[in-house]
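Asks: Pasting a structure below so you can have a look.
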Amino acid sequence: MPQSPREVDKTSLAISASRKRRRLPVLGSSNTTSSASVAALAACIIFSFGALLYTSSLNDIGGEERMQTMITLNSLDVSANSDTKSRRLLDEQRKSNSSDFSLLEWNGIQIDTTKRAACGYRKCFFHSGVNESEGYLLARAESDWMGRMKRTWKDARRLKKKYNMRHFMLEPPHHAGVPPRKVLKELNSLVASTQSPQKTRSFFGSTKKKQYNLASNSTSKDRGIVVQKVKLAPTPSLIVRCYFFKGHRNGRYFLDKESSSEDVFRSAVHDKASFVSTFQAETKDLISLLAKEARLWYDFQFMVDSRGRIHHIDLDRMETSGGFHFPSGKGAQNCLTDAVKGVSNIIVGTHDSNATDVVSAS
């Protein structure tokens, strides 16, 4: 059972409440924001969130029934017009004489094979060959991964409808079966992973004749590949994550290694005042969301685009079970306080990259 945070004394609550009553400054329309003004804004954001962090539902976060309650929604209908557009784009690509384009077609998906797939431990993102703003998540169907992705899809739709939470999923996942051996070999060849070469070469399954035949002839639901259409994430972007120390007394923010470089991200922010104002509002909504949807603390991370908007990623982490302790109010505050400071300082060029580790995804 997750451990409940320590109770906050009345004095701390009184201080937090007084901070909450402070008004946040309203930024002007100027395209330049000084380091001092950003620092002041970050401080006001932090103070205004103090009471909410300490008095949120983190205090009763151990309620299993509350956490596991989900609203099941009907699957998203796929528009016939979208299919027609995809076919038209595909036909145009086929008619093109461009020598630098290669398309892998299989079971209704069209993958651009000129671009490597970005992979985590279990799934990969492939670029669409017919729509540059879309792509596909592919995962091996083993260990009930199909069920996990279905539940994640339902959660994402619920959170979008209830809280207007941004995510990248476009359609529900589907089991695409075991691909032809030639297709499987090409999929494996596109995998860009930090795992061992042996694992990478058979990421989606072995192409050795004996093992492949066993998989393709099996009727098990754990065989084959699960596919889900998703939107392409914005670039450049920062991926903010938090690590909670043993005993969950403290939380530390860091940038994932897949984040854009600080210089590239900063140069893409054309209106710093607008960015900080948007990030302020988005972070406030994020804290409110975390107080109501505790499972989002699992492997906590989010993406920030160059407009200051927050996008939620890797939502299947909500399926995590065992070995995780929810952060205390103090740990949560430390994480989000440092994240607000860090991102704000990146925008004005005062961020100390040596003070915050850039760590690879787990």
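Asks: For the structure I just gave you, tell me whether PHE324 is among the hydrophobic types (A, V, I, L, M, F, W, C), closer than 27 Å to LYS162 by Cβ and open to solvent by 30 Å² or more (accessible area, probe 1.4 Å).
Replies: yes
Asks: Would you tally the residues in the range 126-165 being aromatic (Phe, Trp, Tyr) and closer than 24 Å to TYR212 by Cβ?
Replies: 3
Asks: Collect the residues in the range 279-316 that are assigned to a helix (DSSP H, G or I), closer than 17 Å to TYR163 by Cβ and either of a type in the set (D, E, K, R) or open to solvent by 20 Å² or more (accessible area, probe 1.4 Å) (or both), keeping them in residue-number order.
Replies: Within the range 279-316, ALA281, GLU282, LYS284, ASP285, SER288, LYS292, ARG295 qualify.
Asks: Another question about this same structure. Can you give me the ranges of the strands (runs of 3 or more DSSP E) entirely in the range 74-169 with at least 2 residues that are of a type in the set (Val, Ile, Thr) and modelled with pLDDT under 85?
Replies: Working: elements: 103-106, 109-112, 117-119, 123-127, 134-140.
The strands (runs of 3 or more DSSP E) meeting that bar number zero.
Asks: I want to confirm something. Restricting to the range 157-178 and keeping residues that are without any contact (Cβ under 8 Å) to a residue 60 or more places away in the chain and touching a Gly at 6+ places or on another chain (Cβ under 8 Å), which single residue is nearest to ASP305 (Cα to Cα)?
Replies: Out of the qualifying residues, it is HIS175.
Asks: Let me ask something additional. If I go through the range 129-156 residue by residue, how many of them are farther than 23 Å from SER220 by Cβ and touching a residue at least 40 places away in the same chain (Cβ under 8 Å)? Write out each step before concluding.
Replies: Keep residues of the range 129-156 that are farther than 23 Å from SER220 by Cβ, which gives 129-135, 154-156.
Narrowing the set further to residues that are touching a residue at least 40 places away in the same chain (Cβ under 8 Å) leaves 130-135, 154-156.
Number satisfying all stated conditions: 9.
The values are calculated or read from the model by the stated rules, or taken from the named source; none is laboratory data. Because the structure is predicted, anything quoted here is derived from the model rather than measured. A quick note on method: Cβ atoms are made from the backbone with ideal geometry, for glycine too, and the neighbour counts reach across all protein chains shown. Accessible surface is based on the protein model in full, side chains and every heavy atom, while ligands, DNA and RNA are left aside. Shrake-Rupley method; radii C 1.70, N 1.55, O 1.52, S 1.80 Å.
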